[in-house]
Amino acid sequence: MIDASIRTVRSCLVMASLAIASCSSRDGPEAVAKAFISDVAAGRQAEALERYDPRLREVGGIMLGMSLAEGTARARRKGGVKDVRIVSTDLTDDTHATVTAEVHYGDGSTNRESGKVRQIQGRWYVTA
């Protein structure tokens, strides 16, 4: 009887851990990479800038804005971004990762892009 209760409690703890992990993955490295690509393609520069590592925003200034505008123009020339699929995520450590995404454009072309992300105080950002 006690054995069954311990197994039940253990099962509940495992399920709760999985539920917490799945909720936090919405804001994980894959989510920030996908949202960043979508924001740039749609011309949402303010939102894309907010996804940059705060240190990069401080030193990058106008250059980041120009880079985002260039990315928006490139996506528009290709008919816009129709889909972003995460191909892989390589965690370097608990707070750094490289995310590879496959970007599908409206003209039928596809591009594979890799970028670094880092976690600061629980939030993931695009970094260099």
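Here are the numbers for the structure shown:
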quantity	calculated
Approximate shape of the stretch 78-125 as ellipsoid semi-axes (Cα gyration tensor, √5λ), whole Å, largest first	26, 11, 6
Two-site FRET efficiency, A73 against H96, from Cβ-Cβ distance with R₀ of 35 Å, rounded to 0.05	0.70
FRET efficiency, S88 to A128 (Cβ-Cβ, R0 22 Å, nearest 0.05)	0.70
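All of the numbers you see were taken from the coordinates with simple rules; none came from a lab. Please read these numbers as outputs of a predicted model, since none were measured by experiment. So basically every Cβ, Gly included, is an ideal-geometry build from the backbone, and we count neighbours across all protein chains shown.
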